[in-house]
Every structure is written in C-alpha cells, then in structure tokens.
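First comes the structure, then the notes that go with it.
Any read-out appearing in this document is the output of simple, stated calculations on the displayed coordinates, not a laboratory observation. Note that the structure is predicted; figures quoted are calculated from it, not measured. So basically every Cβ, Gly included, is an ideal-geometry build from the backbone, and we count neighbours across all protein chains shown.
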Amino acid sequence: MPVGVQLLCMMLGYALGALPTVHILARWTGQDKIRETGLDQMPHKATLQRFWEQREILPVQGVIALLDAIKGFVAVNAGTILGGALTGGESFLAPALTGVFAVLGHNYNLLFRRAKRYGRGLAIVAGVMLAVNVVPVVIFVLCWLTGYVVIRRSVYVAVTTGALATPVLMYNAPEHLSRAFMRVHCEAIGLFTFLVVVLALQVFVRYLEPMRLIFRHDD
C-alpha cells in the first residue's frame, strides 16, 4: 500500500477517534456530571456492586460506551473503503491503521484538548475488534470474568487480566477459527494477531494507573 494512503488512513482514524463523545453528549444533554463516576478515584472499590450503586448514571454511561464503540467500528470500515478506493484492492493494513489510530486519537486527543477525557479506551477498542473479528472480544469477556471472579473482584483487575491473556490465547488459537470470523480481508493471520497485541497493549497501558493505585492501597 502506498505511503500516502497509509497516512490518509492514519489521519482519518485519528480524527474519528478524537471526536469528544462525552463532551458532545454532556453539552447536548446539559448533564456535565456524566463525566464523573468516582471509580477512578477509588479503583480498589471499582466493583460491579459499586457500578450498581451508581445505577442512576448507568444509562448515560452505556450511551457513551456505545458511541465510543461506534467510533472504532466506523473507523475500521472507513479505512476499508478508503484503502479499496485509492488502491483498487483489499489490504488489511488500511482498516488496521484506521482502527489503531482511532484508539490513539481517543486516548491521546490533541485535536480537542479542552474536552475532558473520559474512560480508558476499552469501548473504542471493542468497536475496532468487532469490525475486524469478534473472536478476541469473546475471549476478552471470558478472561474478564475469570479475572473478576478468580483473581479479585475489581473491574480494573478484570480488564488487565483480559488485556494480558487475550493476545496470548489468540496467538495460540487455530488459524481456521480466526479466519472463520474475519470481517475484513487479511493476507496473513499473523497481521491480525499483531493488531490484537497492539490494541491489547493500548488497553493495558491505560489501566496501569488504577492498578498502581490498587497496589498502593493494598500496601
């Protein structure tokens, strides 16, 4: 794929990911408090019960997560269309680049600096993966449940468990399983596995801070 097309995919993905969904929703609804959940300040208490105690804002949180997931989903499909239109062929690199840079734009927003950051990018990563292949999402959910039930009843511990385990399991998964659920053209399954690793690394890095606070609280 030409370098110019790659750059366009990167810029398109970043611009889509940088759309401040929470800022827009807060302005539209007039509910500025939807940016605050209190869980980041008390990661050791970030349990499902704690979420339920804040159930009055769960519908809004669900809308925000859905919008973020849609950003990732749209970015991947936009990259597929853009890459195909400019190169006349299919390439996994186009949707992969738009997806990865959509996550980067969401997590490290340089276009809308005044918009407060909300969340840690898990929803947009889920949207990207759903547009590419649903298998890592299913594996992540199973690993999330394992981490939450077996290791510690903490949402952050569960997410970190999923982020660490999913790439390992996908690397060892049968190729025919991955290809059976592939939604975009992929020349080599190794490229898809590498994308899973990159996205999982993004999730892991974003959850390092609350994990550090959890360990500090334990001490």
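Might you report the magnitude of the Cβ-based charge dipole of the chain about its Cα centre, with Lys and Arg at +1 and Asp and Glu at -1, to the nearest 20 debye?
Details: 19 positive and 12 negative charges, 115 e Å.
Dipole magnitude for the chain comes out near 560 debye.
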Take HIS176, HIS185 and order them by how many other Cβ atoms sit within 10 Å, fewest up front.
-> HIS176, HIS185
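Take VAL128, VAL155 and order them by how many other Cβ atoms sit within 10 Å, fewest up front.
Numbers: VAL128 32, VAL155 22.
Placing the least packed residue first, the sequence is VAL155, VAL128.
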Kindly write out, for region 124-134 in residue order, the coupling ³J(HN,Hα) from the Karplus curve 6.51 cos²θ - 1.76 cosθ + 1.60 (θ = phi - 60°), rounded to whole Hz, with x marking Gly and Pro.
-> 5, 5, 4, x, 4, 5, 5, 6, 9, 6, 7
Please give the net charge around VAL103, taking every other residue with its beta carbon less than 13 angstrom from that of VAL103, where Lys and Arg add +1 and Asp and Glu add -1.
-> +2
Likely footprinting exposure, THR146, THR80, fewest C-beta neighbours within 10 Å first = THR146, THR80
